[in-house]
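Q: Shown below is the structure under consideration.
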Amino acid sequence: MEKVIDMKDENDAINPQRRAFLGVAAGVTAAVTVAPGVLLHTVDAAPRAEPVTSDVRWGLLIDTAKCVDGCSACVDACHHENGLNLQTMPAEQAVKKWETQKPAWVRKVKLQDNQTGRMTTLPLMCQHCDDPPCVDVCPTGASFKRADGIVMVDRHLCIGCRYCMMACPYKARSFIHSDVHGQLTSVPRGKGCVESCNLCVQRRDFGQESTACVDACAAEGHHAIVFGDLKDPDSTICKLLNEMPSRQLREDLVLNTGVRYSGV
Amino acid sequence: MKRIVYREWRIPPTQFWSTLGILAAMVGMATLAFGYMEHTGHWVSGMNNSVVWGTPHVFAVFLIIAASGALNIASISTVFHKPMYKPLGRLSGLLAAAMLMGGLLVLVMDLGRPERLIVAMTNYNFSSIFAWNIFLYTGFLIIVIAYLWTMADRQGAAFNRPVGLIAFLWRLALTTGTGSIFGFLVARQAYDAAILAPFFVVISFAYGLAVFMLVLMYAFDEDNRPIGEKIMRRLKNLLGLFVAGGLYFTLIYHLTNLYGAKNDGFELWLLTNGGMHTFMFWVGSVLIGGLLPLGIIYHPELSKERNWIMTACGLVIIGGLATMSVVIIGSQAYPIQMFPGQTILESGFFDGVNGAAAPYHPTIPELLLGLGGVAVSLIITVVGVRVLQFLPESLADDVVALDEELLREEAFAKPA
Ligand code: SF4
Ligand code: SF4
């Protein structure tokens, strides 16, 4: 399977079709030019030949009891998967300031309960809200939710207004503050746009099983994150959700998040 | 009562051109700042992933709501039948259009991808209040221009009242819309308040009037045109009323936040412990923008002096910028409460470790960009009054029409 999204100049590749393409992940069997500068080649039609459907809803379950303090395997894996590790600090920038400006799609957070003093550590990323505030506020519709529940940014529509960052209750989004040096073909990025966790959407479109963070956590032997289809009663994630108590962060906002936590 | 005559602003050419020159230089600096920030990326600004809207937005939102407030003068005369304000209507409309342009320009110049503006114009997400605002703003400009026409043209005069009414309602929608940009953000503790929209409407009255009075007094002074005591007293009292109204809403807003247990963490932080933001609130917003101007406006002696009134207007504007910085920056600096009842001990993304506020240090380019917006508004105004007939020849007491209230005041004044 080979997909090449060839964008010579992503600045002028503004077109709604591409968004539609991302939205339904419609495969095409021949090389098609959908707009000047955007060329889609598809060698093998499946599984991207099928449009994204709402028969599935992708989600994560995070068992904080298994998440280990000091481990950052998921964060590192995410950075590699999405090319965030290729980002370098601008030469003249102060390290401390850059820390507040560099993108992070997932981060580790350590909490202590004010009453009991109990400590919890967990990974925090976009919660893939069913009712996403970031999508509601986006003026251009660049921030969108796919039929399968993944919330992401169409980088050709995003004008970089950062309204979605103001609206997200989980501070899940990052603004790209500097030039992007080197990026992965499967994860286009660009200065001046907003980005966030997209549940490794490139893997979804190739029918792969899990996400980079899930794999990395498992490789460390922790198995704290489970990825799966929230609509399939036979999926591991659904079975686990049935077995153990879990909750959404900021349940009071009734966003019906696709990422659930147990033990917080 | 004499007929009102409007004349172009007849200051000496050297003065006109040097004023324009200074303003153009400010715009030039802002353009450089814009180019710099866009070329290198926003890392050169003080904004970061926690405080995503900074100094440019403080200026932009100030200009936009001041624009809708400035139009208020024209509305008072047309909608509420106060003939006294009629000669001020044209300038009021011009200032409204000018400040809106300046404010919007700053917003656009701060986008991560300003070159994609065309995308914003062609792809609308109708659930976004931002997208609605694009209509509200362009509509506002068109209506203001139509309104100016009804004021200036004999043929248009018949439409003056209906257009004035539309303009009035539209400007209320506009300010509410601008306030709602923040009101819809449920995630942010500071914005979780229904009172934000009326608060924005009241402060827009105050800021718009302060700018209007400052421009009016300066323009008249330079051109040796008279402003009568009566109209001065009326404008000044109106400003006092709006400033007091703004203070009142500030009080209600913070009291309700304190009372609602949900947001008291934010309140305590802002009122006592927020460093720069606490300073901005108490010194900038409350003292400079509220108490001091009120003190001047209601002072028996100072309030009679034009220079002091101009000072009061200036203070309201400075205080307004401080208020905007509290509303926009302060509320972002305060960490989002993602885990109520828990303290964050460590985080890889500045999630408010031990309740710490997010850092934000404004930078020169951001400031220049914001000031550039102010300069654009002033250029439009200066050129407007210079080449077109926006300013009445005189606002002396015997020229302006008296409205009922003044007549009543007169009646009371006589026996004394
Ligand atoms: S967590 Fe934030 S970015 Fe993700 S869907 Fe919800 S609002 Fe949008
Ligand atoms: S920054 Fe981009 S994705 Fe976010 S609201 Fe603005 S246009 Fe939409």
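The values are calculated or read from the model by the stated rules, or taken from the named source; none is laboratory data. Treat the numbers as computed from the prediction; the structure is a model and nothing was measured. Here Cβ is always computed from backbone atoms with ideal geometry, including for glycine, and neighbour counts include all displayed protein chains. With ligands, DNA and RNA removed, areas are computed over all heavy atoms of the protein, side chains included. Shrake-Rupley method; radii C 1.70, N 1.55, O 1.52, S 1.80 Å.
Q: Per residue, how large is the accessible surface of the protein assembly as shown? Use a 1.4 angstrom probe and give square angstrom.
A: 40 Å²
Q: Which of the chymotrypsin sites (Phe, Trp or Tyr not before Pro) found in the range B:1-103 are in a DSSP loop and have at most 12 neighbouring Cβ atoms, other than their own, within 10 Å?
A: B:Phe80
Q: Please return the longest range in chain B lying between exposed loop sites, taking trypsin sites (Lys or Arg not before Pro), DSSP loop only, at most 11 other beta-carbon atoms within 10 Å, and leaving the sites out.
A: Answer - B:155-416.
Q: Suppose every K and R has +1 on its Cβ and every D and E has -1 on its Cβ; what is the size of the dipole of the range A:56-262 about the Cα centre, in Debye to the nearest 20?
A: 540 debye
Q: Going by amide H atoms built from the backbone, whose H comes under 5 Å of the H on A:Val259, apart from near neighbours?
A: A:Leu60
Q: Separation between the B:Thr122 and B:Leu258 pseudo-spin-labels, each 7 Å from Cα along Cα→Cβ, expressed in nm?
A: 5.3 nm
Q: Using only the Cα atoms of the range A:153-264, each taken as one equal point scatterer with no solvent, compute I(q) by the Debye sum, divide by I(0), and report log10 of the ratio at q = 0.11 Å⁻¹.
A: The Cα Debye sum returns log10 ratios of -0.48.
Q: Here's another thing I want to ask about it. Just to confirm the filter: which GluC sites (Glu not before Pro) across the range A:174-237 are DSSP coil and have at most 10 other Cβ within 10 angstrom of their Cβ?
A: Loop-located and lightly packed - A:Glu209.
Q: Further question: Can you bin the protein assembly as shown into rounded, prolate or oblate? Criterion: square roots of the alpha carbon gyration tensor eigenvalues sorted a ≥ b ≥ c, rounded for a/c under 1.5, prolate for a/b above b/c, oblate for the rest.
A: prolate
Q: Between B:Asp221 and B:Thr272, with labels modelled 7 Å along Cα→Cβ, what's the label distance in nm to one decimal, could you check?
A: Each label point lies 7 Å from its Cα, and together they span 4.3 nm.
Q: Once amide H atoms are built 1.01 Å from N in the peptide plane, which residues 5 or more positions from A:Ile150, or in another chain, come under 5 Å H to H?
A: Under 5 Å from the amide H of A:Ile150 lie the amide H atoms of A:Trp58, each far enough along the sequence or on another chain.
Q: Less than 15 Å Cβ to Cβ from B:Thr55, Lys/Arg counted +1 and Asp/Glu -1: what total charge do the surrounding residues give?
A: For residues surrounding B:Thr55, the net value is -1.
Q: Nearest 100 Å², what total accessible surface is buried between chain B and chain A (probe 1.4 Å)?
A: 5200 Å²
Q: Related question: So if we plug the beta-carbon distance of B:Val353 and B:Thr138 into 1/(1 + (r/R0)^6) with R0 = 45 Å, what FRET efficiency do we get, rounded to 0.05?
A: About 0.55, to the nearest 0.05.
Q: Also: Along the range B:248-253, what does the Karplus equation 6.51 cos²θ - 1.76 cosθ + 1.60 (θ = phi - 60°) give for ³J(HN,Hα), rounded to whole Hz, x for Gly and Pro?
A: 4, 5, 4, 4, 4, 4
Q: Quick one: which bits of the range B:40-86 get at least 30 Å² less accessible when the partner protein chains are in, versus the chain alone, with a 1.4 Å probe?
A: Those residues are B:His42, B:Trp43, B:Asn48, B:Asn49, B:Val52, B:Trp53.
Q: For the protein assembly as shown, what is the charge dipole size about the Cα centre, in debye to the nearest 20, if Lys and Arg each add +1 at the Cβ and Asp and Glu each add -1 at the Cβ?
A: About 1500 debye.
Q: Through the Karplus equation 6.51 cos²θ - 1.76 cosθ + 1.60, θ set to phi - 60°, convert the phi angles of the range B:321-330 into ³J(HN,Hα) values in whole Hz; use x for Gly and Pro.
A: Each residue's phi maps through the Karplus curve to give 5, 5, 4, 4, 5, 5, 5, 8, 8, x Hz.
Q: Can you list the residues of the range A:149-166 that have at least 40 square angstrom less accessible area with all protein chains present than in their chain by itself, probe 1.4 Å?
A: Relative to the lone chain, where solvent access is computed with a 1.4 Å probe, the range A:149-166 loses at least 40 Å² at A:Ile159, A:Cys161, A:Arg162, A:Tyr163, A:Met165, A:Met166.
Q: Treating only the Cα positions of the range A:56-262 as identical point scatterers, give the base-10 log of I(q)/I(0) from the Debye formula at each q in 0.10, 0.14 Å⁻¹.
A: Taken in order of the listed q values, log10 I(q)/I(0) reads -0.42, -0.86.
Q: Right, next: Tell me, what is the 1.4 Å probe accessible area of B:Ile344, in Å² to the nearest 10?
A: Here the residue's solvent-accessible area equals roughly 10 Å².
Q: Test of understanding: given chain B, find the longest segment containing no GluC sites (Glu not before Pro) that are in a DSSP loop and have at most 12 other Cβ atoms within 10 Å.
A: B:1-300
Q: I've got another one for you. With the dipole of the protein assembly as shown worked out from charges on the C-beta (+1 for Lys and Arg, -1 for Asp and Glu) around the Cα centre, which of B:Tyr248, A:Cys193, B:Val79 lies farthest toward the positive end?
A: B:Val79
Q: Over all residues in A:118-126, what is the mean tally of Cβ atoms on other chains that come within 10 Å of each residue's Cβ?
A: If you average over the peptide's residues, the count of other-chain Cβ atoms is 2.
Q: Could you please state how large a percent of the accessible area of the range B:278-408 is carbon and sulfur, counting protein chains only and using a 1.4 Å probe?
A: Exposed carbon and sulfur together represent 70 percent of the surface.
Q: On to the next question. Specify the residue with the greatest mean-square fluctuation among B:Leu148, B:Leu294, B:Leu268, computed from a Gaussian network of chain B linking alpha-carbon atoms under 10 Å apart.
A: B:Leu268
Q: Something else: Set Lys and Arg Cβ to +1 and Asp and Glu Cβ to -1, take the dipole of chain B about its Cα centre, and tell me which of B:Met37, B:Pro198, B:Gln15 lies farthest positive.
A: B:Gln15
Q: I've got another one for you. Out of all DSSP beta bridges with both ends in the protein assembly as shown, state the antiparallel percent to the nearest 5.
A: 85 percent
Q: When chain B is modelled as a GNM with alpha-carbon springs shorter than 10 Å, which of B:Asn72, B:Asn48, B:Asn125 fluctuates the most?
A: The residue that fluctuates most here is B:Asn125.
Q: Ordering A:His223, B:His299 by how much accessible area each has at a 1.4 Å probe, largest first, what is the list?
A: My answer, sorted largest first, is A:His223, B:His299.
Q: Also, I was wondering about something else. Build a GNM of chain B with springs between Cα atoms under 10 Å: which of B:Ser394, B:Ser331, B:Ser18 gets the top mean-square fluctuation?
A: Looking only at B:Ser394, B:Ser331, B:Ser18, the biggest GNM fluctuation is shown by B:Ser18.
Q: Based on DSSP H runs of at least 4 residues, each adding -39500 (n - 2.57), what is the mean residue ellipticity at 222 nm of the protein assembly as shown after dividing by all its residues, to the nearest 500 deg cm²/dmol?
A: When only DSSP H runs of four or more count, the value is -14500 deg cm²/dmol.
Q: Taking the Kirkwood radius as the inverse of the mean 1/r across Cα pairs, report the Rg/Rh of chain B.
A: Here the Rg-to-Rh quotient is 0.98.
Q: Residues of the range B:162-206 that become at least 50 Å² less accessible with every protein chain present than in their own chain isolated, using 1.4 Å: which are they?
A: At a threshold of 50 Å² (probe 1.4 Å), the residues of the range B:162-206 that become less exposed are B:Leu185, B:Ala187.
Q: Something else about it: I'd like the Karplus ³J(HN,Hα) series for the range B:72-87: coefficients 6.51, -1.76, 1.60, θ = phi - 60°, whole numbers in Hz, and an x wherever there's a Gly or Pro.
A: 4, 4, 5, 4, 4, 6, 7, 7, 9, 6, 10, x, 4, 7, 4, x
Q: Using +1 on the beta carbon of Lys and Arg, -1 on that of Asp and Glu, and nothing else charged, what's the dipole of the range A:140-220 about the Cα centre, debye to 20?
A: Using Cβ point charges on Lys, Arg, Asp and Glu, the range A:140-220 gives about 360 debye.
Q: I'd like the carbon and sulfur percentage of the solvent accessible area for the range A:56-262, probe radius 1.4 Å, heavy atoms only, ligands and nucleic acids excluded.
A: About 52 percent, which is the carbon plus sulfur part of the accessible surface.
Q: Return the unpartnered cysteines for the protein assembly as shown, using a Cβ-Cβ cut-off of under 4.7 Å.
A: When partners are defined as cysteine Cβ atoms under 4.7 Å apart, the protein assembly as shown leaves A:Cys67, A:Cys71, A:Cys78, A:Cys129, A:Cys138, A:Cys161, A:Cys168, A:Cys200, A:Cys217, A:Cys238, B:Cys313 without one.
Q: Could you order peptides A:111-121, A:148-158, B:242-252 by the average number of other Cβ atoms within 10 Å of their residues, highest first?
A: Packing proxy ranking, top to bottom: A:148-158, B:242-252, A:111-121.
Q: Based on the Cβ-Cβ distance from A:Asn114 to B:Ala194, what FRET efficiency comes out when R0 is 25 Å, to the nearest 0.05?
A: Approximately 0.30, to the nearest 0.05.
Q: Could you work out how far apart the two model spin labels at B:Leu169 and B:Leu287 are, taking each label as a point 7 Å from the Cα in the direction of the beta carbon, and quote it in nm?
A: In this crude spin-label approximation the distance works out to 4.5 nm.
Q: Work out how far the C-alpha atoms of the range B:166-245 reach from end to end along every principal axis, then list the three figures in whole Å, largest first.
A: Principal-axis extents of the Cα atoms in the range B:166-245, largest first: 53, 25, 21 Å.
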